[in-house]
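Below: the structure, in structure tokens.
Derivation of every value follows stated rules applied to the coordinates shown; laboratory data play no part. The structure presented is a predicted model; accordingly, all values stated were derived computationally and were not measured. Counting neighbours? That spans all protein chains shown, and the Cβs are built from the backbone with ideal geometry, glycine included.
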Amino acid sequence: MDKKNKSSKKHIILIHGACHGAWSWYKVTTALRSAGYRVTVPDMAASGRDHRQITEVPSFRDYSQPLFQILQSLPPGEKVILVGHSLGGVNIALAMEEFPEKISVAVFLAAFMPDSTSAPSHVIDKYAEERALSEWMDTEFRPVHIGNKILTCMFFGPDMLKSKLYQLCSPEDYILAMNLVRVSSLFLEDLRLKEPFSKARYGSVDAVYIVCSEDLAIPRNYQQSMINTTNILLKQVKTIQTDHMAMLSAPQDLTNLLMEIANNYS
């Protein structure tokens, strides 16, 4: 069996970060499919082309439902490589808790990586505590009431996108983001109420962390602090010399790493 036929049996699922959508993975999706991999790239609820507004998505579980639907539909015995970028790290952590038997390896790409001792919100709360409000630049935050719950909505402004997320991306990809980012949320009010993910389920899945060394959104030192304090099965740490949006600024480097990981863990 040739290399491309072998890769076609490997299924990679790519999860975007806050305010983004499946569109942000277009370069890596194209490269992986050209190499023979099966690639699924969902929009989380109220993201990308999903028709809902964020005010229709009261919980992080509701936000993650498109990913759950994919995992629930997998044939018995099939395992996937699950990749989460930025806030997508919490999406894949929740999937690891719910479907550990369906995931061959979880890849955290410059992502929030919860531990199995604190509430799922802890890594985001700690990140926010260590940063002055000015570091969010023109990001907009607005609390809204959904029934008896409060949800803080967020939207990256053009200065935040250009200076902290897309500083090494092409002007074309920055303009693409300006046109496609949507109002989202970090769902902290909801995640603070949840029990920690369990070591028996979440902590049982092989994981790899990919550090983006020039990241100004989730800086390298914060990525490293999550790596240093994790108590899950973190098997490897890889590094890409690029900004937060590695899938756009260094797509071939990231594609090569994902193919290497897929081949080693599935």
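Of K126/K149; K10/K102; K164/K199; K199/K235, which ones are farther than 24 Å apart at the Cα?
On the way: K126/K149 22 Å; K10/K102 13 Å; K164/K199 33 Å; K199/K235 15 Å.
Exceeds cut-off: K164/K199.
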If you place +1 on the Cβ of every Lys and Arg and -1 on the Cβ of every Asp and Glu, how big does the dipole about the Cα centre of the chain come out, in debye to the nearest 20? 820
Test item: Cα-centred dipole of the range 57-108, Lys/Arg +1 and Asp/Glu -1 on Cβ, debye: 80
Of the candidates L161, A207, L133, the farthest towards the positive dipole end of the range 128-226 (Lys/Arg Cβ +1, Asp/Glu Cβ -1, centred on the Cα centre) is A207
Mind pulling the per residue volume of the convex hull built on the Cα atoms of the range 14-120? Å³ is fine. 105
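Using helices alone, I'd like the mean residue ellipticity at 222 nm for the chain: each DSSP H run of four-plus residues gives -39500 (n - 2.57), total over residue count, nearest 500. Kindly include the intermediate steps, with their values, before the conclusion.
On the way: 10 runs with 89 residues, N = 266.
Mean residue ellipticity, 222 nm, calculated: -9500 deg cm²/dmol.
Over the range 41-91, what per residue volume does the convex hull of the Cα atoms give, in whole Å³? Show your work: numbers first, answer last.
Numbers: hull volume 4.5 nm³, N = 51.
So the per-residue hull volume is 88 Å³.
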Let me see the P(r) profile for the range 62-159: every Cα-Cα distance counted, bins of 5 Å, each bin given as a percent of all pairs. 3, 11, 17, 20, 18, 14, 10, 6, 2, 0
Compute and list, largest first, the equivalent-ellipsoid semi-axes of the range 135-266 from the alpha carbon gyration tensor, each √(5λ) rounded to a whole angstrom. 27, 24, 13
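Translational diffusion coefficient, Stokes-Einstein: compute it for the chain using the Kirkwood radius over C-alpha pairs as Rh, at 4 °C and 1.567 mPa s, and state it as an integer in µm² s⁻¹.
Values: Rh = 18.4 Å.
Roughly 70 µm²/s, to the nearest whole number.
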Checking rank on 98-108, 125-135, with mean other Cβ inside 10 Å and highest first, the result is 98-108, 125-135
